[in-house]
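K.L.:
Starting off with a structure, shown below.
The values are calculated or read from the model by the stated rules, or taken from the named source; none is laboratory data. On a predicted model such as this, the values are computed, not experimentally measured, just so you know. In this analysis, Cβ positions are derived from the backbone assuming ideal geometry, glycine residues included, and neighbour counts consider all displayed protein chains. Only protein heavy atoms, including side chains, enter the accessible area calculation; ligands, DNA and RNA are left aside. Shrake-Rupley method; radii C 1.70, N 1.55, O 1.52, S 1.80 Å.
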Amino acid sequence: MSEKLTVVLVHGAFAESGGWGPVAQRLQAAGHQVIAAPNPLRSVAFDAAQVRALVDSISGPVVLVGHSYGGMVISKAAAGASNVKSLVFIAAFAPEAGDSAATLSGRYPGSTLAETLRPVPLPDGNQDMYVAQELYRGQFAADVPEETTRIMGATQRPITLAALQEPAEGEQAWTTVPSFFLIAEADKNIPAAAHHFMAERAKGRTVSIDGASHAVFASHPAEVADLILQATEA
């Protein structure tokens, strides 16, 4: 690939790479290469290795962006990657070693995700977790039009229960790489207080959007793209 800056977008649980479309369109209009990476949502270590392989294939500078659980993935994937210039956490986890998505989202009150999840037992004994479609908009994307959330709920990618419970291990890139945080103040998956805690811990540049749901990439694509563009210029 060329030396042009590339923005790699990593979706989280209960979403899929196509959900980045309106954000990607704005980044492309600004002249950047964009890759919306498929996140397997199988385990933190496995998913991070997949994203790291993609990052390693890019010869030029990279801005790595994660939404939700995608923050767990980019924090590990970027560790030691010399071409990653900045990280952007969009309503996302920024873990220390030992933190899991489950422990971070439960650190402060306010998450109602657990009661909306529906498990699908897998042959290996693990479970795939989906958000019940009839509850999807209220839980995940309350500020997104209903006709859009019906499709989002139908096309959501499940995450394994093990991935949600798996603690981060080793170096986390936000400790050394400039980081940017977008906080969705009405997030029902990850309480806003948890987002603020992680952003302050990382000493990251922070933008907060009142009334924004967890699916802030869909409801506020312009603000999301603007923050990513700030990260490309840092």
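K.L.:
Within region 71-91, list the residues whose amide N lies under 19 Å from a label point set 7 Å along Cα→Cβ of residue 208.
P.N.:
Only 89-91 pass the distance filter.
K.L.:
Among the lysines, select those whose C-alpha is under 25 Å from the C-alpha of residue 203, and discard any that sit fewer than 8 residues away in the same chain.
P.N.:
76, 85, 188
K.L.:
Go ahead and set up a Gaussian network model of the chain, Cα springs under 10 Å, then flag whichever of 115, 185, 166 fluctuates most.
P.N.:
Of 115, 185, 166, the Gaussian network model singles out 115 as fluctuating most.
K.L.:
Could you work out what % of the accessible surface of the chain is carbon and sulfur, using a 1.4 angstrom probe and leaving DNA, RNA and ligands out of the count?
P.N.:
54 percent
K.L.:
Just want the answer: with Cβ charges of +1 for Lys and Arg and -1 for Asp and Glu, which residue in 57, 136, 37 is farthest toward the dipole's positive end in region 1-143?
P.N.:
It is 57, whose Cα lies furthest towards the positive end.
K.L.:
Same structure, new question: Tell me, what is the Rg over Rh of the chain, with Rh the Kirkwood radius over Cα pairs?
P.N.:
Rounded to two decimals, Rg/Rh equals 0.93.
K.L.:
For the chain, give the magnitude of the charge dipole about the Cα centre (Cβ charges: +1 Lys/Arg, -1 Asp/Glu; no others), in debye to the nearest 20.
P.N.:
Around 260 debye, computed over the chain.
K.L.:
Sketch the reach of a paramagnetic label on residue 30 as a point 7 Å from Cα along Cα-to-Cβ, and name the residues of region 1-21 whose backbone nitrogen lies under 14 Å away.
P.N.:
Inside the label zone: 5-9.
K.L.:
What does the extension gain come out to for residue 114 and residue 133, with contour length at 0.36 nm per residue minus their alpha carbon separation?
P.N.:
Separation in residues times 0.36 nm, less the Cα-Cα distance, equals 5.4 nm.
K.L.:
On each of the three principal axes of the Cα atoms of region 165-209, give max minus min coordinate, whole Å, ordered largest first.
P.N.:
31, 27, 11
K.L.:
According to a simple spin-label model (label point 7 Å from Cα along Cα-to-Cβ), what is the distance in nm between residue 175 and residue 83?
P.N.:
Distance between label points: 2.5 nm.
K.L.:
Continuing with the same structure: Residues of the chain: accessible area per residue at 1.4 Å, in Å²?
P.N.:
Normalised by residue count, the accessible surface of the chain is 40 Å².
K.L.:
Once label points are set 7 Å from the Cα along Cα→Cβ at both residue 146 and residue 3, what is their separation, rounded to one decimal in nm?
P.N.:
5.4 nm
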